[in-house]
1. Let me know the whole percent of all Cα-Cα pairs from segment 189-289 that are separated by more than 16 Å.
2. Roughly speaking, what is the stretch gain from Lys217 to Gln274, that is 0.36 nm per residue apart minus the C-alpha to C-alpha distance, in nm to one decimal?
3. Would you grab the residues whose amide H sits under 5 Å from the one on Leu53? Only those 5+ places off in sequence or on another chain, please, with H modelled 1.01 Å from N.
Amino acid sequence: MALEPPAFQEAARCDVCKCSFNTFRRRHHCRCCGRTLCHEHSSNQMALPQFGLNLPVRVCADCFNNSARSVKTNIHASADEVDSVTGGVSRLDIDTDMGFKTNPTLEQHSVVAVAECKCGMPLCICVAPAPPANTLIPETTPASVAPIQPNLKPRRTEASARIKGSTSNSITSSASNPGQLTSSAMDIPQRDYECNGEGLREAIKNGDAAGVGKLLKEGVDANYRDKQGMSVLHLAAMFNCTDITFILMEHGASLEHKNAQGETPIDCAPATLQYKMRQKMEEIGKSFGS
């Protein structure tokens, strides 16, 4: 009976690289562990018969590598069992079991007694005739069984090899200190940006909420617009960056600015973000009113 697959986590960022999801970076899930991942960190595929998934499905690098190691361990164990059976068969004394007697003095002039097989079975059960006088039946051993050589070549993409160590470390640290990794990653900007409007636009394109907050605190205008009249709030709404949109709104970004096409930031946002922006606007209005 197939097991119940794990429930998908609905996280706002990739569980491995912590990148945020937007129109151009979609959210994916590992069918084996249910973690939320970007495309780069969920590009492996394999079947999951334990969940009733017999065709290759999307999995993360950790689940893919763990499955490959378990298969390799099982094959090595089977090879060791074959080797042990082979060694036991090789040590059998065929002469003793058949009751043949040898004459050591005639070892150099021995004659092999050959019995004609009449049973036709793979393992002959015909009884050999008694050897003539002064005849030596040489000691024989069964043909050794060649050990099975494992031929396992798990598919290993360049991306999975590159993130193998980082993924395991991130899971371990997040398990021992839940919430600590996510909060620390969000508080530290991904890199240094120019302290101007173009630097703010670059941080929004990278989905770097910490970088946006840092630039706004350093005095960058939250209503900066490019030559086409598109404000930074237009850009955040277009990329579906909810956290960055809220940060800009809290720092006074206007919802009334229109771009060259006459669209406001709310018009550029997806339907879900439009609803959230209106709720946020009401919250900001209530806070100012109080």
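1. Counting every Cα pair in segment 189-289, those more than 16 Å apart make up 51 percent.
2. Full extension from Lys217 to Gln274 adds 18.0 nm.
3. Leu48
Values in this text are rule-based calculations from the coordinates and carry no lab data. Keep in mind that what you see is a predicted model, and the values were worked out from it rather than measured.
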